[in-house]
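Since every read-out is calculated from the coordinates, none of them should be taken as a lab result. None of these values were measured; they are calculated from a predicted model. Cβ placement follows ideal geometry from the backbone for every residue including glycine, while neighbour counts extend to all protein chains displayed.
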Amino acid sequence: MLSLEEEYKLAKDWRENQDQKAMEKLAAAHLKLVAKIAAGYRGYGLPISDLIAEGNIGMMQAMKHYEPERGFRFSTYAVWWIKASMQEYILHTWSLVKIGTTAAQKKLFFSLKKTKRALIQEAQSIDGKQHSDQLTPELVQKIALKLNVSEDEVWSMEQRIASHDSSLNTPVKDSESAMEWMDWLADESDNQEIQVAQRDEMDKRRHAFQGAMKALNSREQEIIVGRRLDEPPKTLEEMSQLMTISRERVRQLEISAFEKLKKALRYSSLRTP
C-alpha cells in the first residue's frame, strides 16, 4: 500500500512526465483492489482471471483521467472505472444478444440477484418461514418498486439471467471425438442437388410461361394479368371499366386467352427435351 504522499508523487510523475515506472508502481499497488472487486462478480460464472484482466484495463483508463491535485485517493476514483470495465465485459460475454442497453437495465442486471436475496431474507425474518428463491408476482412487484423498473423488465431479466447463451461451437462432453454441438444439428432442408434441380425447374417454367404469354395479343395479356396474376385479382366489373367493354366480353376474352395460353404451354413442353 502506498502512503498519500507516495501516491500523489507517482500520479503526478505519470500525469505530467509520462513516467512509465511511476505508472507501473501505482498500478501494482492497486492490483489487490482489482482482485477484490472481481471476486464480487464471481456469481456470473466467468473466469476470475478474465474479470481481473478487464478490471486492470479499467484501472489503466482511470490513470489517464486521474487528477491527484483534487485531493482524493486513486482507489476512490479508480473503483468506478474498474467496475464499469468488468460490467461491460460481463454484459457482452453473458449473451450474444444485447440485454443492457440502458442504465436502468444494466442496474437491473447487476442488482436483481442481490435485491431478490435481500427481500427473501427480509420476508423470512418476519414470518420465520423458508421462502423459495423463485420469483412470485408479489416479489416482482417489490423488486420493480425498489429498482425503479417495470415488472415486465424484472420478469424478462430473470429469464435472461437464468438461461445463459451457449455457443454451438462448444465441445460435446463425454464425447471421445472432438465433436461440437453444431455437429449434432440436423439440417432439415433439401440437399444442394435437390435445391439446384428445383431452381432449374422453376427457371424453365418461368421461361415457358413468358414465351406462352407472347402468343396473346396486348388485350388478352392485360386480362390474364389482371384476372389471374394480380393479387388480389381484379373483378369482371373492374376489368370492364378499365378496358371500357362489358363484363360479359371480359369473361369471353379471359376464357379464350386462357385456352391460348394452355395450348402455347403444351406446345412449349413438347419442344423442350
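Here are a few things to note about the model shown:
- For GLU180, the residues whose modelled amide H falls within less than 5 Å of its own, excluding neighbours fewer than 5 places apart on the same chain, are VAL172.
- Ranked by the mean number of other Cβ atoms within 10 Å of their residues, highest first, the peptides 44-50, 56-62 fall in the order 56-62, 44-50.
- Packing-based ranking of 229-238, 33-42 yields 33-42, 229-238, ordered from highest to lowest mean Cβ neighbour count within 10 Å.
- Pairs beyond 20 Å (Cα-Cα), from LYS113/LYS142; LYS214/LYS263; LYS21/LYS83; LYS32/LYS113; LYS107/LYS142: LYS21/LYS83; LYS32/LYS113
- Converting phi to 3J(HN,Hα) with the Karplus coefficients 6.51, -1.76 and 1.60 and the offset θ = phi - 60°, segment 107-114 yields 4, 5, 4, 8, 10, 4, 4, 5 Hz in sequence order, with x at every glycine or proline.
- Taking amide hydrogens as placed 1.01 Å from N in the peptide plane, the amide H of ALA215 sits under 5 Å from that of no residue at least 5 positions away in sequence or on another chain.
- Inter-site label distance for ASN217 and MET243 at 7 Å from Cα along Cβ, in nm: 1.1 nm
- On the basis of the beta-carbon distance and an R0 of 25 Å, LYS21 and ASP50 show a calculated FRET efficiency of 0.35.
- Here the Karplus relation 6.51 cos²θ - 1.76 cosθ + 1.60, evaluated at θ = phi - 60°, turns the backbone of segment 24-30 into coupling constants of 5, 5, 5, 5, 4, 6, 10 Hz, with x for every Gly and Pro.
- Treating r as the C-beta distance of MET179 and ARG199 and R0 as 30 Å, the FRET efficiency rounds to 0.40.
- Derived scalar couplings ³J(HN,Hα) [segment 138-146; Karplus, 6.51 cos²θ - 1.76 cosθ + 1.60; whole Hz; x for Gly, Pro]: 5, 5, 4, 4, 5, 5, 4, 5, 5
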